1. How far is helix B:130-152 tilted off the main Cα axis of chain B, in degrees rounded to 10, range 0 to 90?
2. Along Cα→Cβ at 7 Å, what distances in nm separate the B:His114 label point from those on the other copies, shortest first?
3. Taking 51 Å as R0, compute the FRET efficiency from the Cβ-Cβ separation of A:Asp317 and B:Asn181 and round it to 0.05.
4. Using the alpha-carbon centroid of each, what span in Å lies between the range B:181-226 and the range B:436-456?
5. Where the only charges are on Cβ atoms (+1 Lys, Arg; -1 Asp, Glu), what is the dipole of the protein assembly as shown about its Cα centre, to the nearest 20 debye?
6. What size of dipole, in debye to the nearest 20, comes out for the range B:5-101 about its Cα centre when the only charges are +1 on Lys and Arg C-beta atoms and -1 on Asp and Glu C-beta atoms?
7. Once amide H atoms are built 1.01 Å from N in the peptide plane, which residues 5 or more positions from B:Ser255, or in another chain, come under 5 Å H to H?
8. Please list, in chain and number order, the residues 5+ apart from A:Leu180 or on another chain whose amide H is under 5 Å from its amide H, with Hs placed from the backbone.
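Please treat every number below as a calculation from the coordinates, not as lab data. Remember, predicted model here, so these are calculated numbers, not experimental data. No Cβ is skipped: glycine too gets one built from the backbone with ideal geometry, and neighbour counts run over all protein chains shown.
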There are 2 protein chains.
Amino acid sequence: MIVFLKDLFNNPLLYENKKIFLKGWIRNCRFQKKLFFIDFNDGTFINDLQIVCKKDKNFFLEKIKKKLQIGASIEIEGFLVKNFKINDIFELEAEKINILGSSSFEYLIQPKNHSKAFLRKIPHLRLRTKIFGSVFRIRSAVFLAIHEFFKNEDFLLTNTPIITVNDGEGAGDLFQITTLNLEKLVLTKDKKIDYLKDFFGRKTFLSVTGQLELEALATSFNKVYSLGPIFRADNSNTIKHVAEFWMLEVEMAFSNLEKNMEIIERMLKKVVKSCLLTNQNDLKFLDENESPGLIKKLNEFIGLKSFPKIKYKEAMDILIKSGVDFEFKPFHGSDFYTEHEKYLTEVHFKSPVFIIDWPKEIKAFYMKINPDKKTVACVDLLVPFVGELVGGSQREENLEILKNRMKELNISSENLEWYLDLRRFGSCVHSGFGLGFERLLIYLTGVENIRDVIAFPLSSKSINF
Amino acid sequence: MIVFLKDLFNNPLLYENKKIFLKGWIRNCRFQKKLFFIDFNDGTFINDLQIVCKKDKNFFLEKIKKKLQIGASIEIEGFLVKNFKINDIFELEAEKINILGSSSFEYLIQPKNHSKAFLRKIPHLRLRTKIFGSVFRIRSAVFLAIHEFFKNEDFLLTNTPIITVNDGEGAGDLFQITTLNLEKLVLTKDKKIDYLKDFFGRKTFLSVTGQLELEALATSFNKVYSLGPIFRADNSNTIKHVAEFWMLEVEMAFSNLEKNMEIIERMLKKVVKSCLLTNQNDLKFLDENESPGLIKKLNEFIGLKSFPKIKYKEAMDILIKSGVDFEFKPFHGSDFYTEHEKYLTEVHFKSPVFIIDWPKEIKAFYMKINPDKKTVACVDLLVPFVGELVGGSQREENLEILKNRMKELNISSENLEWYLDLRRFGSCVHSGFGLGFERLLIYLTGVENIRDVIAFPLSSKSINF
């Protein structure tokens with residue numbers, strides 16, 4: 001029976017002084033005169049297990065010594081013992097070691113601090129380092145914690161289409177999808193593409209949001225969410241942007257903006273709390289090696305009474321009156337830049353902050369117009385270190401107002417008659433939000449670059465898998 | 001405080017004779033001389049709650065009577081009472097009803113049996129019917145049951161890239177992704193596309209499998225899985241094929257084909273068992289209205305001792321010797337057609353069956369070559385009613401054999417050096433499988449057409465969202 005390191009470290013007494021079998025990889029090895037040490041890991045836990053081989057006892061060692069290289073995979077048989085000399089740490093006294101898969105001096109993951117820029121060039125191998133190990137164990141746990149939260153709240157898990165005819169109404173630049181042979185394209189007389197010949201018979205894109213479809217699901221099932229991949233063909237090569245990422249989208253019938261914020265805050269606190277509990281060891285490693293103060297920050301987050309809520313107008317006033325010499329001068333009607341978000345969350349409020357009631361001109365067509373007719377009932381949650389983490393709104397449920405708004409903005413209803421149907425038949429007040437999953441991970445892991453919380457990240461001019 | 005139907009029906013005694021508030025939709029309404037009945041549903045439960053309005057008591061009724069139309073959304077205040085005349089059923093005696101969103105005679109979902117073909121034309125509204133309600137509540141629960149299984153088994157949840165440069169090595173036809181302006185394409189001198197100008201600087205596709213990347217994750221984290229969307233540009237417009245679907249992919253280090261099958265079987269039984277428990281009411285509805293014998297079938301499935309395992313060769317012999325006049329004559333070396341799968345699972349074995357050790361010619365390059373050098377260590381799980389539900393294999397972990405196999409098949413290693421690295425550094429025996437999530441849903445719901453277990457299904461020449 002193979003023992004996994006996770007089980008072994010979580011309950012070493014169960015295995016103490018017993019013969020156990022392990023399979024995994026050599027992370028490091030050191031020869032001494034009479035002893036030979038291996039730092040062993042099977043990928044299930046942050047800490048390595050030290051394997052001790054006594055040379056006199058282990059006649060087999062000489063035979064395989066040359067193959068005991070960093071990166072090799074091995075199977076081990078031995079006894080788990082407590083080392084009373086070194087902090088009562090548990091280690092394995094090896095009886096037998098077999099090489100399963102060799103390594104070589106060309107193996108790029110050595111037991112030292114590689115730069116993240118270097119590791120980004122070898123995503124298939126960087127996953128074997130401690131830091132990426134921690135990050136991706138947290139990623140897995142947070143994904144599941146989100147599902148658990150919504151399960152307990154009786155939300156229905158749904159999936160919205162990835163391929164769509166909807167151009168997202170300006171939510172971002174789009175990838176086009178086609179099966180046409182681009183090298184042999186024949187244009188029509190008026191120099192257009194004949195999309196009737198394309199796979200779907202129409203021009204299609206990768207979805208930038210599943211929100212509109214989620215509204216159909218919410219007016220059928222009441223409270224729904226989805227957690228799926230989302231695509232942006234923006235050329236912005238910042239540490240916060242990639243072409244493919246995962247997004248949590250939530251939609252609730254019979255719910256207004258207030259309810260929206262209540263769920264956002266409760267969900268985030270629950271997920272952070274769950275992470276602190278589930279990923280103690282990974283967070284400890286990241287706190288010590290990557291982001292000092294991480295655990296304190298997360299504990300403060302869940303201890304916050306409630307996130308402050310201010311109107312866009314007030315937030316803009318704070319920035320304008322701050323006296324700070326921003327690179328981009330803040331003014332009423334403009335969006336917030338990173339420096340503004342930083343000032344609001346890290347200097348002024350020193351906490352996450354909900355910003356509501358934005359000018360309708362800089363927000364999407366489907367948002368509920370406020371009684372002032374100038375602003376919309378929407379919310380952005382800004383968070384220290386991350387910036388915008390969540391964006392949500394109450395949706396316009398009034399058919400005539402929505403149609404007028406679309407006319408104003410020159411949005412054709414051709415592809416959206418079904419969306420208008422949701423207002424024609426049993427319309428209701430409803431709200432929802434989207435949360436960039438990787439941005440939440442940036443907050444939770446303290447890792448700064450979004451490319452380091454995605455196993456195989458994709459950016460403009462950068463794809464290798 | 002709003003009460004949800006799910007909570008009300010699961011524990012009616014908690015609400016009996018109490019005043020409660022509800023928000024939801026009118027599914028049907030009937031006028032009688034002194035009474036008025038509404039079948040009410042808020043989307044959280046299969047059964048409607050009957051709302052009883054006594055005309056004399058409810059002076060408000062006359063005012064809103066015209067607006068009480070099927071499909072309208074309403075809020076209700078009233079008392080939950082037991083109707084001793086009709087099987088002690090619970091119903092609500094309404095005190096007050098408000099129309100929140102009206103409906104009209106044009107509303108297409110009427111309280112009668114609409115054909116599925118008709119409903120497929122209005123996916124945004126069909127979700128409000130009982131049958132689609134059941135199907136999508138099951139979809140949600142099964143999704144979560146899969147996550148729960150792998151969480152309990154200590155697998156790491158991961159995500160593999162959707163956009164890829166990998167052409168999938170024949171796993172299916174591909175969608176191309178581009179940001180080039182197709183109407184203004186300029187070809188190079190040798191009539192090629194200059195992909196340096198495309199978003200990623202290379203030709204890119206929608207992924208047909210994340211398996212190769214999962215192998216990198218498994219050799220880092222030991223046991224991993226992913227559950228994400230997968231795309232096929234096949235033109236086959238059958239009831240089992242769509243262009244976009246979800247796939248569970250699993251990969252395990254230090255595991256052979258036998259272990260693979262053990263996990264597949266245990267996982268499926270666990271998920272079916274969980275569905276029988278969680279979705280009792282939905283399954284009962286489907287059993288009575290869509291697929292007679294469904295619950296019996298599922299109970300038999302979890303009661304099976306263990307699925308039979310036979311070699312491809314034996315399966316082919318069974319077909320050849322069956323004496324059945326198949327449309328496609330079975331012969332050694334050919335793949336199985338639907339009629340063959342049906343014979344094996346529904347006539348011969350009357351159970352799911354693992355078919356292992358297929359001829360290497362009809363399987364993928366990465367599968368482990370068996371000692372006979374003719375077959376590969378792979379498995380398809382065929383299931384009655386569904387056909388192929390799972391496909392998996394042990395992967396070739398030997399660098400030289402894998403390289404030779406790629407050479408034989410003319411597969412360039414240019415994009416796959418990273419994949420070969422997994423064999424260069426700490427290679428190990430490893431196995432994995434893929435399960436078509438919607439095919440599992442077809443089995444669990446008894447719904448025949450894959451377009452009816454996906455909220456917004458996409459097929460060749462068919463996209464509206």
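1. Roughly 50 degrees, rounded to the nearest 10.
2. 5.5
3. Values: r = 43 Å, r/R0 = 0.84.
Using R0 = 51 Å, I get an efficiency of 0.75.
4. If you average the Cα positions of each part, the centres end up 29 Å apart.
5. Working: 136 positive and 122 negative charges, 107 e Å.
Approximately 520 debye in magnitude.
6. Charge dipole of the range B:5-101: 480 debye, to the nearest 20.
7. Placed amide hydrogens put B:His430, B:Ser431 under 5 Å from B:Ser255.
8. Residues meeting the criterion, in which the H sits 1.01 Å from N, are A:Phe199.
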